[in-house]
2 protein chains.
Amino acid sequence: MTPGDVGGEVAGAGHPAPRRLDGTVRIVGAGLLGASIGLGLRRQGVDVVLDDVSPASLRLAIDYGAGRAPLEGDTPTLVVVCVPPDVTAAIVARELETFPDALVTDVASVKVAPLRALQEAGADVSRYIGSHPMAGRERGGPISARADLFIGRPWVVAGHDGISYRAAAALEDLILDLGATPIEMTPEEHDAGVAVVSHAPQVVASLMAARLRDAPDASLGLAGQGVRDVTRIASSDPALWVQILGANASRVEEVLRALRDDLDDVLGALAAPEHPGALRALAESIGAGNAGVARLPGKHGQSTTFTQVVVMVDDTPGQLALLLTEIGDIGVNLEDLRLEHSPGAQFGLAEVSVVPEHAERLVAELVRRGWTIAGS
Amino acid sequence: MTPGDVGGEVAGAGHPAPRRLDGTVRIVGAGLLGASIGLGLRRQGVDVVLDDVSPASLRLAIDYGAGRAPLEGDTPTLVVVCVPPDVTAAIVARELETFPDALVTDVASVKVAPLRALQEAGADVSRYIGSHPMAGRERGGPISARADLFIGRPWVVAGHDGISYRAAAALEDLILDLGATPIEMTPEEHDAGVAVVSHAPQVVASLMAARLRDAPDASLGLAGQGVRDVTRIASSDPALWVQILGANASRVEEVLRALRDDLDDVLGALAAPEHPGALRALAESIGAGNAGVARLPGKHGQSTTFTQVVVMVDDTPGQLALLLTEIGDIGVNLEDLRLEHSPGAQFGLAEVSVVPEHAERLVAELVRRGWTIAGS
């Protein structure tokens, strides 16, 4: 099988052959999301009109093939507003007025605030339905845009009482044409969900990373994979996150206030670890974390626990490739893979996750083939 | 090159041929660390005596080849105490008394508390020096033990004023014989270091994960890689962590109290995001996290930022192996690799980290070979 076949298979799995969208789609905002939607739709043969407040961004996205420039008399059936959260409602309102026959959606990472602002401004929300693709790296601009960005990703459709199911059909067509999976939630459910699985974790990672600023170099030299994982997303863009956190403030506050209460319990125990109940408070905090992390859905959505086998590999792509080839030969499916580097050493540790029933056979076969197992 | 050669090279890089340790090494506590030290030393031909309060654990570790049972008249030159933190000082004191000519060390993840307890008990600390190998998955028992567990890992030697450099030499020999890298720090520096890069991140991950306990299933369905990374270590063992946190309480408290103050600033801003200064407070929190995470040393110890290229791969080890083989053919070195799964889809996204200068060429070459790039 060649890599080209894989692309075809993926497209085959995610893209039922006949395209669903009819008519012209107008995309406002030619950043990463807007340009990626344009590229994906163009590949399906949809007529895509792009618009952007920046003429340079617009020309760039058109050069990349994400759509065409607007023309006098364009009558889009669907308008997708892909602008920063703080201007989303204003642009949606303008589009609803300019195109009185179009369905208008947006892709901002908060859903209650834009809907409320539109309702308060008296906009015709019988033609507006918010949405949120769970994709994109929150960075980029049109240069980073990819037609495949949404394939296999959840895409939240945030319906509300003011719009009929039938009127919103074009949004579901868009999502399916892009290979994504529509997920229906109310705006409130969406914003509460992203508060707990995205916005609060971002704040927590940033707060922990901030503690590393003034740590001595020697302390940082002791850093292992744990702190790296906890703080990885702390490198996110402050300008974007200010808007997201500001727009979902009350829900994020609710999650973080509960976390602060738990943190105060831990601080109390740490201040007097010899007091009765202190160790129990610490144990309960760690135990509550055990219970919480176990609820995260695993690969393919199912919640499963895998067994990790750690294999020592030389620090070259060829060695890792050989390991994966042999795992394939052994006939064990790889559920996840992560690399750890040994500071100062020219080799790494590959942590291979497999279903528990296969771990013992995998270890035995790898050892027989000469690999060094550094843990299982 | 076969995998066997890799093992040889690794051993060659980490193990200078002549072994440094002389005489008998006595290991007290045959859990993961104790048994791994025993296996590593036995491979070097060192005479290893094992002891454990549990006769079953002791017999098991001996069966695995980690050492021999104690004999009347054993006179170890070095005793390594590998027991839980809360009994470390008592066992070290007993060993110092029982073997008046031996150097005694321990491997507990805190270093101030055991030294202080020994000094207060009037033990002969001119023969005690604490240490801490930055290895092990904090789980296991002798069944998980591996001779290679310490290869390439930092191993902190926590010297103090009461012991001479010369008296401590056998500990450095042990560390080098096991293929690890000795790092000298005071006990205070060590405990402050692990508080900020290990113990506080553990608490933060657990507190965030605890917030997932009561979240609706629909919210958890929106979870992406970010929250998974932030909460990964939240699955750690509460019993062990109670001991670690209790023994390093004041230093962990200091880090978490500063974090709590920052969290209060964020909560204040979220409670009134429209107030002057609120958005600035949020931006500064995220910005401080940017600065902190950038200080974590990268692979091989250097602090470098890599560029990520995201490639779509079919969900089989063979496809990932093919990708890595081709990256090797292209001649680009892989700095890191992580897999992301698309919920509900039979394929994944491989995020490949490379030095920024090579990213453009890698993308061009992979596209030419038929791979689908989902982001860069």
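Starting from residues that are part of a loop (DSSP other than H, G, I, E, B) and crowded, with 20+ Cβ neighbours inside 10 Å, keep the ones in segment A:327-370 and report whichever is modelled with the highest pLDDT.
For segment A:327-370, the residue satisfying everything is A:V332.
Please verify whether segment A:264-280 includes one or more residues that are among the charged types (D, E, K, R), over 25 Å from A:V104 (Cβ atoms), facing chain B (nearest Cβ under 7 Å) and in contact with a helix residue (DSSP H, G or I) (Cβ under 6 Å, 6 or more places away or on another chain).
No, every residue in segment A:264-280 fails to be among the charged types (D, E, K, R), over 25 Å from A:V104 (Cβ atoms), facing chain B (nearest Cβ under 7 Å) and in contact with a helix residue (DSSP H, G or I) (Cβ under 6 Å, 6 or more places away or on another chain).
Can you pull out the helices (runs of 4 or more DSSP H) entirely within segment A:127-244 that have at least 3 residues that are among the aliphatic types (A, V, I, L, M) and within 7 Å of chain B (Cβ to nearest Cβ)?
Per the criteria, A:200-210.
Give the residues of segment B:63-86 that are of a type in the set (A, V, I, L, M) and more than 26 Å from the chain's Cα centre (by Cα), sorted by residue number.
B:A69, B:L71
Looking at segment B:245-256 only, could you name the residues that are touching a residue at least 24 places away in the same chain (Cβ under 8 Å), within 20 Å of the chain's Cα centre (by Cα) and assigned to a helix (DSSP H, G or I)?
If the condition is that a residue be touching a residue at least 24 places away in the same chain (Cβ under 8 Å), within 20 Å of the chain's Cα centre (by Cα) and assigned to a helix (DSSP H, G or I), then B:L245, B:G246, B:A247, B:R251, B:V252, B:V255 are the ones that fit.
Could you tell me which residue of segment A:273-309 is modelled with the lowest pLDDT, considering only residues that are buried (at least 20 other Cβ atoms within 10 Å of the Cβ) and β-branched (V, I, T)?
Ranking the qualifying residues of segment A:273-309, first place goes to A:V309.
Regarding segment A:127-135, can at least one residue be identified that is surrounded by fewer than 24 Cβ atoms within 10 Å (Cβ to Cβ) and of a type in the set (G, A, S)?
There is no residue in segment A:127-135 that is surrounded by fewer than 24 Cβ atoms within 10 Å (Cβ to Cβ) and of a type in the set (G, A, S).
For (1) surrounded by fewer than 23 Cβ atoms within 10 Å (Cβ to Cβ); (2) of a type in the set (S, T, N, Q); (3) without any contact (Cβ under 8 Å) to a residue 60 or more places away in the chain, each residue gets a yes or a no:
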{"position": "B:V203", "(1), (2), (3)": "no, no, yes"}
{"position": "B:S236", "(1), (2), (3)": "yes, yes, no"}
{"position": "B:A258", "(1), (2), (3)": "yes, no, yes"}
{"position": "B:D262", "(1), (2), (3)": "yes, no, yes"}
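Working carefully through the options B:G45, B:G34, find the one that is surrounded by 18 or more Cβ atoms within 10 Å (Cβ to Cβ), within 19 Å of B:R146 (Cα to Cα), among the small types (G, A, S) and away from every other protein chain (no Cβ under 14 Å).
Only one candidate passes the filter, namely B:G34.
For segment A:118-129, indicate whether the set of residues that are among the basic types (K, R) and at pLDDT 95 or above is non-empty.
Yes, segment A:118-129 has at least one match.
Which residues, taken from segment B:65-86, are closer than 22 Å to B:I143 by Cβ and surrounded by fewer than 17 Cβ atoms within 10 Å (Cβ to Cβ)?
If the condition is that a residue be closer than 22 Å to B:I143 by Cβ and surrounded by fewer than 17 Cβ atoms within 10 Å (Cβ to Cβ), then B:G65, B:R68, B:A69, B:P70, B:P84 are the ones that fit.
The values are calculated or read from the model by the stated rules, or taken from the named source; none is laboratory data. In this text the structure is predicted, and so the values were computed from the model without any measurement. Heads up, the Cβs are rebuilt from the backbone with ideal geometry, glycines too, and the neighbour counts pull from every protein chain shown.
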